[in-house]
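**Q** Below is a structure I'd like to ask you about.
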Amino acid sequence: MLNIVIFGAPGSGKGTQSQKLIDKYHLTHIATGDILRAERENHTRLGELANQYMVKGQLVPDDIIIKMLEELIVHKPDNVGYIFDGFPRTSNQGEALDNMLLKKDTDITVVLSLEVDDKYLTERLIKRGEVSGRNDDTEETIKSRLQVYYRQTAPLKDYYEKQGKLVRINGVGTIDEIFGRIERVVDKINY
Ligand code: B4P
């Protein structure tokens, strides 16, 4: 299987590049942010609970996210692999993902870390907020999301670096330029 984690700060292009990876490599998309937003729109208990954290730019607690993921990683004979977009975001989630995949006799193939300067991240998210009206794309919340990223999520890079799975990708440029950099990495992998 080809199991990719797409990693990066809020606004680094995870969702955007995931879509291109799915189109080319036919992977199953697991995007925790999208799932939580869909739950919120459907006014489920999970959605209402998650929203309390999301509007403040905080992470939804690990136990909720990990349980949600366990229900999503189910065996499908025609599945060539997963793309994990926005997950894992903490060390606990990283360890839980390794264990979940091990139980399915597979593992993470590569972690693509999109490297983008804060000034671009903020610019992109404010722009998206103006168009999409996403309630966490406001200047105040973006600040807190970036702090949360550096404190809770960025340390996962060491975890994957030690496993020899981390590949840093320059995440500044046009969407196609960045995808070109990603393709060059993924096309070299035998899976
Ligand atoms: P997410 O939905 O994952 O949001 P995100 O980090 O902002 O990334 P996103 O994928 O949306 O942005 P992208 O870079 O693609 O999470 C939202 C919230 O949900 C979190 O804050 C948290 O509360 C909760 N959550 C989700 N997962 C969780 C977990 N595992 N544990 C706990 N809580 C969790 O795109 C950003 C913008 O940039 C877009 O408008 C795009 O068009 C633009 N863009 C992309 N590439 C560009 C480029 N090359 N140049 C210019 N603009 C570009």
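**Q** Which whole-number percent gives the relative contact order of the range 74-146, counting Cα pairs below 8 Å spaced six or more residues apart?
**A** Worked out over the range 74-146, it gives 15 percent.
**Q** Can you list the equivalent-ellipsoid semi-axes of the chain, largest first and in whole Å, using the square root of 5 times each Cα gyration tensor eigenvalue?
**A** Working through the eigenvalues yields semi-axes of 24, 21, 16 Å.
**Q** Report the charge-dipole magnitude of the chain in Debye, nearest 20, computed about the Cα centre from +1 at each Lys and Arg Cβ and -1 at each Asp and Glu Cβ.
**A** 180 debye
**Q** Using a probe of 1.4 angstrom, how much of the accessible area of the range 1-109 is carbon and sulfur, in percent?
**A** Carbon-and-sulfur percentage of accessible area, whole number: 49.
**Q** Quickly work out the LYS24-to-LEU102 label distance, labels modelled 7 Å from Cα along the C-beta direction, and quote it in nm with one decimal.
**A** 3.2 nm
**Q** Between THR28, TYR160, ILE65, whose Cα lies farthest towards the positive end of the dipole of the range 2-183 when Lys and Arg beta carbons carry +1 and Asp and Glu beta carbons carry -1, centred on the Cα centre?
**A** TYR160
**Q** ALA38 to GLU161: FRET efficiency via 1/(1 + (r/R0)^6), r the Cβ-Cβ distance, R0 41 Å, to the nearest 0.05?
**A** It comes to 0.80.
**Q** Please give the length that would be gained between LEU49 and ARG151 if that part of the chain were fully extended, namely 0.36 nm times their separation in residues minus their C-alpha to C-alpha distance (nm, one decimal).
**A** Roughly 34.5 nm would be gained on extension.
**Q** What number comes out for accessible area per residue over the chain if the probe is 1.4 Å? Units Å², please.
**A** Each residue of the chain exposes 53 Å² on average to a 1.4 Å probe.
The values are calculated or read from the model by the stated rules, or taken from the named source; none is laboratory data. For clarity, every value in this text was computed on a predicted model and none was experimentally measured. Glycine also receives a Cβ, built like all others from the backbone with ideal geometry; neighbour counts cover every protein chain displayed. Each accessible area value is taken on the protein alone, full model and side chains, heavy atoms only, with ligands, DNA and RNA left out. Shrake-Rupley method; radii C 1.70, N 1.55, O 1.52, S 1.80 Å.
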